[in-house]
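Everything below concerns the one structure shown next.
The values are calculated or read from the model by the stated rules, or taken from the named source; none is laboratory data. Everything quoted here is computed from the prediction, not taken from an experiment. Note: ideal-geometry Cβ built from the backbone for every residue, glycine included; neighbour counts use all protein chains shown. For accessibility, only protein heavy atoms count, side chains too; no ligands or nucleic acids. Shrake-Rupley method; radii C 1.70, N 1.55, O 1.52, S 1.80 Å.
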2 protein chains.
Amino acid sequence: MKRKVTLKQIAKELDVSISTVSKSLRNSLEISEDTRQKVQAFAKLYNYKPNNIALSLKNKKTKTICIIIPEIIHHFFATVISGVEHVANENGYNVLVCLSDESFDKEVINMEMLASGSIDGFIMSLSKETQQKKDFHHITEVINQGMPVVMFDRVTNEILCDKIIIDDVHAAHNATQFLIDKGLKKIALITTVDYVSVGKLRTDGYKKALKSNDIDINENLILKIEDTEDFDHYIEELLQNNDIEAIFAVNELFAVTALKIANKLGKNIPEDISIIGFTDGIISKYSTPSITTVSQNGIKMGGKAAKMLIDRLESEDEEEEQYKTEVIETELVERESTKN
Amino acid sequence: MKRKVTLKQIAKELDVSISTVSKSLRNSLEISEDTRQKVQAFAKLYNYKPNNIALSLKNKKTKTICIIIPEIIHHFFATVISGVEHVANENGYNVLVCLSDESFDKEVINMEMLASGSIDGFIMSLSKETQQKKDFHHITEVINQGMPVVMFDRVTNEILCDKIIIDDVHAAHNATQFLIDKGLKKIALITTVDYVSVGKLRTDGYKKALKSNDIDINENLILKIEDTEDFDHYIEELLQNNDIEAIFAVNELFAVTALKIANKLGKNIPEDISIIGFTDGIISKYSTPSITTVSQNGIKMGGKAAKMLIDRLESEDEEEEQYKTEVIETELVERESTKN
DNA sequence: TTGTGTTTCGAAAACGTTTTCGTGTTGAAA
DNA sequence: TTTCAACACGAAAACGTTTTCGAAACACAA
């Protein structure tokens, strides 16, 4: 087991100073050709690699960014990480992943912990609890310390920083309009409770579409689901008690669950009921029938977020406080769960 | 924007030495009650947090572990990360995620990069390319430097280190036996090419089960799929040209694809064909019909891997070169794609 | 010989900690 | 008055780098 070799050790072996070794390795002209050769050969022989931690301390840059997400099991968040990782890697950055588990406390602890030098910046999507509490002090604090933050997907207006979002209202409006255009009127909505920002926005989009087509909003057709609860029977009730022609679900899980329950109740998809989901994950793709869905490109979001963060990190000099919010295009992916 | 405060600054403000500040904050009895109070109050006021990088440099510990996986989009790997992250967090460690994209080079570059001080240890699952090349020098090198490595799932016998695996042969044997016990004999296998370690092992298990039940192995019923290719038509051929009663697929994607194609060909699942998959992901769960599957608990694997790594990190003193291989139990989760 | 310039290198500071060891002050015991 | 311990604190080294600045050595011209 050969331990890592340091500048000091090389210097001692070759009987020169540490500075000489350092300069030689960086090919400084200050050092004679001869010495440089000698040092470089020796360093190569012993497989010298500069210690990253020491460099970080000196440069006050860790070349590491942290992404904080509520859950990694959700396919969407996994794709975002993938996007972040690739762009980060291309630019010489590493990615630290933190899971908040939808918990405010974990989010706070992680941020405070890492803000003390460990990383150069954050990419994050708010936990449900944080959105509910509307307590963002940990984020403002980090930003005030001069550490850049990029928020994506679950964002808040109360924080000024770079953001990457999709136009949830518009996307939901489109999806609902798509159903209406097929001649469907009794469209149910399966959504989350309002404090989840994207759930609220998608609900708004749904309502907007109905209104602009002069369809009355029937609150009985709107099912708001708490995240923690077992929601199968609510959906079952919804389907049984109403003569529904279509369902718009604000996430994949709701969509596929609705599909399964509809099946169970003897309804044919899409003949009896059309279904549109949100977030183009593998469930929608491989479900039978496959589910028409609003696709939000996680890889793209992650990539853009990483790019924004890195851009800000590398131009820190010009201190441009112009925060940008970038809107990623969504796409309606038509599959088997909606009629032609 | 108030920058981070350091010991030096506090020392200067209070007109004491850096040592005094440091000791006061650590509540050393060397320092008078008075001074301690004063320093602590000041530190709290200015929200002092020790710089992690400086600590890392001093302690030669980063409290960060790295997990290298081929892909994060695969649900199984995402669950592993989840397991790793939770255990790591409980023990005060952070998790750096690297994606090899199944590429040997990326794996090598990432490892070499991070081995220079950035992290304390690795958890990894080999990329396909690495398994194919059988070149593991980057891993032995890291281990020789004294950095612990824990391998999981896709491992190799050529490296001596801690490992977390499932008994792929046994699990595949069980699954196949399960089908046989239902009275099914014409059992097709959809697997990967042999250099993927787990694919090979699962194939072995399948064959073993057939043999022990005196069923001839029909190579026409064994489909080996290259990862990169578009494999739908191969499966279609397999199903068309043979009178198949059951399918055992070595991963979820193969299983659900087979299911969809069987459906397309007018076969009923499970009446005409029973299907068992491997890896209990969301696809199997939400597919219609849902797919019976061999469940490998990724969260558990990740958690165990993290535990093993951290244990080794924290007992480095006693230098026990006893490498362990832990086998995680699999479970056959019965769903709708197999007959009762 | 003196002055000037160039080449080559090393000392030391800096990044932010922790910790060892030394030292000055105080109080009490002899 | 002297001696010794206890107390309170600071200097400095250490972790591994990079970089600034100074200086030695040498060459060459005047």
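Residues of the range B:27-40 being open to solvent by less than 60 Å² (accessible area, probe 1.4 Å) and not in a loop (DSSP other than H, G, I, E, B), which ones? If the condition is that a residue be open to solvent by less than 60 Å² (accessible area, probe 1.4 Å) and not in a loop (DSSP other than H, G, I, E, B), then B:Thr35, B:Arg36, B:Val39 are the ones that fit.
Taking the criterion of being within 15 Å of A:Asn94 (Cβ to Cβ), in contact with an Asp or Glu (Cβ under 9 Å, 6 or more places away or on another chain) and in contact (Cβ under 8 Å) with a residue 40 or more places away in the chain, the only residue of the range B:97-120 that qualifies is B:Met111. Residues that are modelled with pLDDT under 95 and touching a Leu at 6+ places or on another chain (Cβ under 7 Å) within the range B:268-287 comprise B:Ile269, B:Ser287, listed in sequence order. Among the residues of the range B:221-270, the ones that are touching a Phe, Trp or Tyr at 6+ places or on another chain (Cβ under 6 Å) and within 14 Å of another protein chain (Cβ to nearest Cβ) come to 2 in all.
For the residues B:Asp120, B:Asp135, B:Asp105, the requirement of being more than 14 Å from chain A (Cβ to nearest Cβ) and of a type outside the set (A, V, I, L, M, F, W, C) singles out B:Asp135.
One line per residue, one yes/no per condition, for (1) in contact (Cβ under 8 Å) with a residue 12 or more places away in the chain; (2) of a type in the set (Phe, Trp, Tyr); (3) crowded, with 21+ Cβ neighbours inside 10 Å:
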{"site": "B:Phe122", "(1), (2), (3)": "yes, yes, yes"}
{"site": "B:Asp135", "(1), (2), (3)": "yes, no, no"}
{"site": "B:Asn144", "(1), (2), (3)": "no, no, no"}
{"site": "B:Val149", "(1), (2), (3)": "yes, no, yes"}
{"site": "B:Phe152", "(1), (2), (3)": "yes, yes, yes"}
{"site": "B:Glu158", "(1), (2), (3)": "yes, no, no"}
{"site": "B:Cys161", "(1), (2), (3)": "yes, no, yes"}
{"site": "B:Ile164", "(1), (2), (3)": "yes, no, yes"}
{"site": "B:Ala172", "(1), (2), (3)": "yes, no, yes"}
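For the range B:3-18, the tally of residues that are open to solvent by 60 Å² or more (accessible area, probe 1.4 Å) and either in a helix (DSSP H, G or I) or free of Cβ contacts under 8 Å to residues at least 40 places away in the same chain (or both) stands at 7.
Considering only residues of the range B:72-88 that are modelled with pLDDT of 95 or more and at the interface with chain A (Cβ under 8 Å from one of its Cβ atoms), which is farthest from the chain's Cα centre (by Cα)?
Let us first name the residues in the range B:72-88 that are modelled with pLDDT of 95 or more, namely B:72, B:77-88.
Filter once more, so that each one left must be at the interface with chain A (Cβ under 8 Å from one of its Cβ atoms): B:72, B:78-79, B:81-82, B:85-86.
On the way: B:Ile72: 10, B:Ala78: 8, B:Thr79: 8, B:Ile81: 6, B:Ser82: 9, B:Glu85: 11, B:His86: 13 Å.
If we take residues in the range B:72-88 being modelled with pLDDT of 95 or more and at the interface with chain A (Cβ under 8 Å from one of its Cβ atoms), then B:His86 is farthest from the chain's Cα centre (by Cα).
Are any of the residues in the range B:35-49 within 8 Å of DNA strand D (Cβ to nearest atom) and of a type outside the set (A, V, I, L, M, F, W, C)? Yes - at least one qualifying residue is present in the range B:35-49.
Just one of the listed residues (B:Val21, B:Val80, B:Val84) is buried (at least 19 other Cβ atoms within 10 Å of the Cβ) and within 10 Å of DNA strand C (Cβ to nearest atom), namely B:Val21. Would you be able to say whether some residue in the range B:270-283 is more than 29 Å from the chain's Cα centre (by Cα), more than 26 Å from B:Val169 (Cβ to Cβ), open to solvent by 50 Å² or more (accessible area, probe 1.4 Å) and not basic (Lys, Arg)? Yes - at least one qualifying residue is present in the range B:270-283. Against the criterion of being surrounded by fewer than 21 Cβ atoms within 10 Å (Cβ to Cβ) and at pLDDT 95 or above, B:Val108 qualifies. If you go through the range A:62-71 and keep only what is surrounded by 23 or more Cβ atoms within 10 Å (Cβ to Cβ), within 9 Å of chain B (Cβ to nearest Cβ) and not β-branched (Val, Ile, Thr), you end up with just A:Cys66.
Considering B:Glu71, B:Glu33, which residue is in contact with a helix residue (DSSP H, G or I) (Cβ under 7 Å, 6 or more places away or on another chain) and charged (D, E, K, R)?
Working: B:Glu33 fails: in contact with a helix residue (DSSP H, G or I) (Cβ under 7 Å, 6 or more places away or on another chain).
That would be B:Glu71, the only listed residue that is in contact with a helix residue (DSSP H, G or I) (Cβ under 7 Å, 6 or more places away or on another chain) and charged (D, E, K, R).
Here B:Ser197 meets each of (1) within 22 Å of B:Gln132 (Cβ to Cβ); (2) at pLDDT 95 or above; (3) among the polar types (S, T, N, Q) with one exception, condition (2). Within the range B:202-223, is there a residue that is open to solvent by 30 Å² or more (accessible area, probe 1.4 Å), outside the structural domain of B:Pro70 (by TED's automatic domain parsing) and in contact with a Leu (Cβ under 7 Å, 6 or more places away or on another chain)? Checked the range B:202-223: at least one residue is open to solvent by 30 Å² or more (accessible area, probe 1.4 Å), outside the structural domain of B:Pro70 (by TED's automatic domain parsing) and in contact with a Leu (Cβ under 7 Å, 6 or more places away or on another chain). Which one of these does A:Pro289 not meet: (1) more than 21 Å from A:Val155 (Cβ to Cβ); (2) within 20 Å of the chain's Cα centre (by Cα)? Result: A:Pro289 passes all but (2).
Does B:Asn51 satisfy the condition of being open to solvent by 30 Å² or more (accessible area, probe 1.4 Å), touching a Gly at 6+ places or on another chain (Cβ under 6 Å) and closer than 25 Å to A:Leu57 by Cα? Spelling it out, B:Asn51 is indeed open to solvent by 30 Å² or more (accessible area, probe 1.4 Å), touching a Gly at 6+ places or on another chain (Cβ under 6 Å) and closer than 25 Å to A:Leu57 by Cα. Residues that are without any contact (Cβ under 8 Å) to a residue 60 or more places away in the chain and of a type in the set (A, V, I, L, M, F, W, C) number at least 3 in the following helices (runs of 4 or more DSSP H) confined to the range A:229-340: A:232-241, A:252-264.
Do we have any residue at all in the range A:305-320 that's over 30 Å from A:Lys63 (Cα atoms) and of a type in the set (Val, Ile, Thr)? Within the range A:305-320 (the criterion being over 30 Å from A:Lys63 (Cα atoms) and of a type in the set (Val, Ile, Thr)), the answer is no, since none of the residues qualifies.
Keeping to the range A:191-200, report how many residues are assigned to a helix (DSSP H, G or I) and either of a type in the set (Gly, Ala, Ser) or buried (at least 21 other Cβ atoms within 10 Å of the Cβ) (or both). Walk me through it before giving the result.
Initial filter on the range A:191-200 (assigned to a helix (DSSP H, G or I)): A:197-200.
Applying the additional criterion that residues be either of a type in the set (Gly, Ala, Ser) or buried (at least 21 other Cβ atoms within 10 Å of the Cβ) (or both) yields A:197-199.
Qualifying residue count, the range A:191-200: 3.
Within the range A:1-30, being closer than 13 Å to A:Ala41 by Cβ and near DNA strand D (Cβ under 7 Å from one of its atoms) holds for one residue alone: A:Leu25.
Among the residues of the range A:50-76, those identified as in contact with a strand residue (DSSP E or B) (Cβ under 9 Å, 6 or more places away or on another chain) and within 16 Å of DNA strand D (Cβ to nearest atom) are A:Ser56, A:Thr62, A:Lys63.
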